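Colleague: Below is the structure I would like to discuss, written out as structure tokens.
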Amino acid sequence: MRDVTEADLPKLRASFEMEYTRQFSRTVPAMLIEVLNWGVSVSSRVPTPPTIGTPPDMGATDCVEHRRITCDLSGATIEVAVFERSGLPPGTRLSGPALIVEPQTTTLVSRDFHVHVDGADNLWLTQLAGEGT
């Protein structure tokens with residue numbers, strides 16, 4: 001990388017006029033060129049992340065409490081199990097209805113969904129076949 005110098009101006013003007021002609025089928029004699037926008041494309045090679053294996057099935061875990069909520073499917077008030085997100089190790093599997101709580105968000109697992117925690121600690125919600133609206 002280097003600074004643009006006075007010696008670069010003829011090539012820049014020629015490139016500009018070539019592109020201007022391509023877009024507008026003409027050039028404007030003695031036109032002053034003003035750069036209004038610069039665009040930069042940057043790329044790099046990103047290494048493939050390591051594969052994370054499937055954790056062993058841990059089954060369900062104990063809930064920390066129960067709460068009453070309005071069911072998103074029926075509109076009825078129901079009692080659901082509440083789980084701390086930090087207490088769900090990889091391999092955990094739960095069925096809705098449930099709430100998974102953490103400081104910044106709460107995930108509702110509807111009664112027509114299962115959730116499992118993968119090897120990267122992500123929550124995967126899967127709708128049960130033939131269920132839902």
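The values are calculated or read from the model by the stated rules, or taken from the named source; none is laboratory data. Note that this is a predicted model, so its numbers are computed, not measured. Cβ coordinates were reconstructed from backbone atoms using ideal geometry, including for glycine residues, and neighbour counts include every protein chain displayed.
Colleague: Can you tell me which of (1) surrounded by 12 or more Cβ atoms within 10 Å (Cβ to Cβ); (2) more than 30 Å from Met1 (Cβ to Cβ); (3) not polar (S, T, N, Q) is the one Arg26 doesn't meet?
Modeller: So Arg26 meets the others, but not (1).
Colleague: Further question: Among residues belonging to the stretch 103-133 that are part of a loop (DSSP other than H, G, I, E, B) and under 23 Å from the mean Cα position of the chain (by Cα), point out the one that is nearest to Pro49 (Cα to Cα).
Modeller: Filtering the stretch 103-133 down to residues part of a loop (DSSP other than H, G, I, E, B) leaves 103-104, 110-112, 118-122, 128-133.
Checking which are under 23 Å from the mean Cα position of the chain (by Cα) leaves us with 103-104, 110, 118-122.
Details: Pro103: 28, Gln104: 27, Ser110: 32, Asp118: 16, Gly119: 13, Ala120: 12, Asp121: 15, Asn122: 15 Å.
Selected residue: Ala120.
Colleague: Moving on. Within the stretch 33-55, work out how many residues are charged (D, E, K, R) and farther than 30 Å from Asp118 by Cβ.
Modeller: Going through the stretch 33-55, the residues charged (D, E, K, R) turn out to be 34, 45.
Cutting the leftovers down to farther than 30 Å from Asp118 by Cβ gives us 34.
Number satisfying all stated conditions: 1.
Colleague: Only one of (1) under 30 Å from Ser15 (Cβ atoms); (2) modelled with pLDDT under 85 is not met by Val40, so which one is it?
Modeller: (2)
Colleague: Is at least one residue of the stretch 23-37 modelled with pLDDT of 85 or more, not assigned by TED's automatic domain parsing to the domain that holds Arg111 and not in a loop (DSSP other than H, G, I, E, B)?
Modeller: Within the stretch 23-37, one or more residues are modelled with pLDDT of 85 or more, not assigned by TED's automatic domain parsing to the domain that holds Arg111 and not in a loop (DSSP other than H, G, I, E, B).
Colleague: Among the residues of the stretch 29-52, write down those that are surrounded by fewer than 10 Cβ atoms within 10 Å (Cβ to Cβ) and either touching a residue at least 40 places away in the same chain (Cβ under 8 Å) or over 30 Å from Asp121 (Cα atoms) (or both).
Modeller: Narrowing the stretch 29-52 to residues surrounded by fewer than 10 Cβ atoms within 10 Å (Cβ to Cβ): 29-30, 32, 34-51.
Hits for the stretch 29-52 are Pro29, Ala30, Leu32, Glu34, Val35, Leu36, Asn37, Trp38, Gly39, Val40, Ser41, Val42.
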